[in-house]
Amino acid sequence: MIPLRVRVPATAANIGPGFDSFALALPLLADFEMRPARLWSVTVEGDPAGIPTGEDNLFVVAACATAATAGRSLPPQHVTQRSTIPTGRGLGSSAAAIVGGCVAANAALGGPLDRRTLLRVASDVEGHPDNVAGALQGGFTLTLPTEDGPVATRLPFPSAWRVCLFVPSRSLSTDEARAVLPPSVSRDDAVFNLAHAAALVAAILRADGALLGFAMHDRLHEPARLRLVPALEEIAAAARSAGAFGAALSGAGPSVIAVAPVRLAPRVAAVMEEAAAGAGTSGRARVLRVRTAGATAQPP
Ligand code: HSE
């Protein structure tokens, strides 16, 4: 079995109304090198705090689940992880590790599983499909649940649009941010999100920024998460007033994304940082292109 190098992008999920369904791939990458070894182990370069280094590491769990789904056995490997995806910021760092494990194991075994099956395995390990679909496929992805697991479709993101990403200094666990969600929603709120999610897809297909501005609102998760990310409203309002089409929590938060036309994006990022500081939240904002490529596997 040959060594492999897998690169997986960060993802911003939900994008407002697409709770557990939409994701954008971003050019912050997790890089994994996998080599045959006597025992499974993971070396985490950079900031290893809190990341398991044994068989409970998400990359390893996902790699073993992939092999089991293929009915094959994967000999133990040593994995070196280098990542520029900050953890606990709603940027899909766990999805990147899971997709990394799935893609690496599948490549090492000669590709027995198709993309849809890999998505199902990754989604089962992660618990929701949006981030893993974006990490696997790149671009803008939407996923829908079916009885046989999630189906994902990838759409190109308008090339004249940028993502302005504010990443707070402090982290928030996805479990905590999911625990505050109400167990059920009203019909009004369900209809609100249904219409907004459909409009968001149309806005992306047509590169219609005005429609995106109407579409990028949510009633299923952001209202409940406001108490965990109190600066969200100020940051989003500042982004819109500086020319962003819309703004939303990135995944479960606490990062915030805004989508803006290229020429306004630097100003939007700057005001997001200022508004956050004014609301007592430190962090950094930057301008990113959506990453077209999803996860890739090749020899190191
Ligand atoms: N859709 C998930 C959530 C994304 O909002 O909880 C987690 O990053």
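The values are calculated or read from the model by the stated rules, or taken from the named source; none is laboratory data. Source: prediction; values computed, not measured. Cβ placement follows ideal geometry from the backbone for every residue including glycine, while neighbour counts extend to all protein chains displayed. To get the accessible areas, we keep the full protein, side chains included, count just its heavy atoms, and leave off ligands, DNA and RNA. Shrake-Rupley method; radii C 1.70, N 1.55, O 1.52, S 1.80 Å.
What the table below lists for this structure:
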quantity	calculated
Single match in Asp114, Asp175 (criterion: open to solvent by 40 Å² or more (accessible area, probe 1.4 Å), of a type in the set (D, E, K, R), away from the ligand (no atom under 14 Å from the Cβ) and out of contact with any strand residue (DSSP E or B) (no Cβ under 6 Å at 6 or more places or on another chain))	Asp114
Ser94 part of a helix (DSSP H, G or I) and not charged (D, E, K, R)	yes
Residue within region 9-27 that is of a type in the set (Val, Ile, Thr), closer than 29 Å to Ala285 by Cβ and within 16 Å of the ligand (Cβ to nearest atom) present	yes
Enumeration of residues in region 41-73 that are buried (at least 21 other Cβ atoms within 10 Å of the Cβ) and free of Cβ contacts under 8 Å to residues at least 60 places away in the same chain	Val42, Phe59, Val60, Ala63, Thr66, Ala67
Filter pass, Gly253 being crowded, with 22+ Cβ neighbours inside 10 Å, within 16 Å of the ligand (Cβ to nearest atom) and closer than 24 Å to Phe157 by Cα	yes
Region 178-195: number of residues that are within 12 Å of the ligand (Cβ to nearest atom) and open to solvent by less than 60 Å² (accessible area, probe 1.4 Å)	2
Lone unmet requirement of (1) out of contact with any strand residue (DSSP E or B) (no Cβ under 7 Å at 6 or more places or on another chain); (2) away from the ligand (no atom under 16 Å from the Cβ); (3) without any contact (Cβ under 8 Å) to a residue 24 or more places away in the chain for Pro266	(1)
Of all residues in region 196-213 being closer than 16 Å to Asp20 by Cα and among the small types (Gly, Ala, Ser), the one that is surrounded by the fewest Cβ atoms within 10 Å (Cβ to Cβ)	Ala198
Test: residue in region 117-130 that is closer than 29 Å to Val268 by Cα and charged (D, E, K, R)	yes
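For (1) modelled with pLDDT of 95 or more; (2) more than 19 Å from the chain's Cα centre (by Cα); (3) not in a strand (DSSP E or B), each residue gets a yes or a no:
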residue: Leu28; (1), (2), (3): yes, no, no
residue: Asp31; (1), (2), (3): yes, no, no
residue: Gly46; (1), (2), (3): no, yes, yes
residue: Ile51; (1), (2), (3): no, no, yes
residue: Thr66; (1), (2), (3): yes, yes, yes
residue: Gly71; (1), (2), (3): yes, yes, yes
residue: His78; (1), (2), (3): yes, yes, no
residue: Thr87; (1), (2), (3): no, no, yes
residue: Gly90; (1), (2), (3): yes, no, yes
